[in-house]
Amino acid sequence: MQRTLKNVDYGRDLNSIVIGCKHFRYRELVGSEVAVKHHIKNIPNEQQWQSLEALAQKVLEPIRAQFGAIKVLSAFRNVQLNTHSEIGGSKTSNHTRGIAADIVPLAPKVTRMQVLEWAYHNLDFWELIAERFDSKTKGWVHIAYNGTRRIAGLKILSQTSGGVKPIELAQLQELYGESEVRHA
């Protein structure tokens, strides 16, 4: 399905590889089926583009190098898109600042928990959330990067409870199984 609007200037060539990356294209950082469906121009400003480039370089590229293909479900979402009823996010979400991405691994033997645990031990992140891991098919890893390590820390968002709350890695491993990821 189409994830970007045609004939719209996004401020970057969406087919180009992100500066400093080997695998990510700009379209992956702004693509949204909801935006296309509702004709929302999900266009980052220059500061947001720079934040997205840093996110891709410092977080997404290392995860892809470690685990192979990952899918960016969502990265940048402007306020109009993020607060749209189909998304239900806040005006102050890290997605609106261009510093967050929701990702899933595509390699068949790689789990969301393995990606989250590896990121926890090996990456500088602002916030790391196990989002809806209690859903067998719909959960994802939310990771935010702004150059500061673990200020917001590790959290969990449950499909059943609907709230985000802090959690320790050991508690998360107990809930969803300890991975067999080798740490760098």
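State the number of residues belonging to the stretch 1-56 that are among the small types (Gly, Ala, Ser) and modelled with pLDDT under 95.
Matching residues across the stretch 1-56 total 0.
Filter the stretch 14-38 for residues that are under 15 Å from the mean Cα position of the chain (by Cα) and closer than 12 Å to Leu52 by Cα and give the result.
Selection gives Phe24, Arg25, Tyr26, Arg27, Glu28, Leu29, Val30.
Is it the case that the stretch 175-182 has a residue that's modelled with pLDDT of 90 or more, under 20 Å from Gln66 (Cα atoms) and surrounded by fewer than 14 Cβ atoms within 10 Å (Cβ to Cβ)?
No, that holds for no residue.
Between Arg3, Arg12, Arg64, which is closer than 30 Å to Lys109 by Cβ, among the charged types (D, E, K, R) and buried (at least 18 other Cβ atoms within 10 Å of the Cβ)?
Arg64
Table: residues versus (1) within 22 Å of Ala35 (Cα to Cα); (2) in contact (Cβ under 8 Å) with a residue 40 or more places away in the chain.
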residue: Val104; (1), (2): yes, no
residue: Val110; (1), (2): no, yes
residue: Val115; (1), (2): no, yes
residue: Lys136; (1), (2): no, no
residue: Val141; (1), (2): yes, no
residue: Tyr145; (1), (2): no, yes
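Using the structure shown, decide if Val110 is in contact with a helix residue (DSSP H, G or I) (Cβ under 6 Å, 6 or more places away or on another chain), assigned to a loop (DSSP other than H, G, I, E, B) and at negative phi.
yes
Report yes if some residue within the stretch 62-70 is in contact with a Gly (Cβ under 9 Å, 6 or more places away or on another chain) and free of Cβ contacts under 8 Å to residues at least 60 places away in the same chain; otherwise report no.
For the stretch 62-70, residues in contact with a Gly (Cβ under 9 Å, 6 or more places away or on another chain) and free of Cβ contacts under 8 Å to residues at least 60 places away in the same chain: absent.
Mind checking which residues of the stretch 85-118 are farther than 19 Å from Ser158 by Cα, hydrophobic (A, V, I, L, M, F, W, C) and under 12 Å from the mean Cα position of the chain (by Cα)?
Selection gives Ile99 alone.
If we only count helices (runs of 4 or more DSSP H) wholly inside the stretch 5-103, which ones have 1 or more residues that are closer than 16 Å to Leu123 by Cβ?
Those helices (runs of 4 or more DSSP H) span 46-55, 61-67, 94-97.
The values are calculated or read from the model by the stated rules, or taken from the named source; none is laboratory data. On a predicted model such as this, the values are computed, not experimentally measured, just so you know. All Cβ positions, glycine included, derive from the backbone under ideal geometry; neighbour counts span all protein chains shown.
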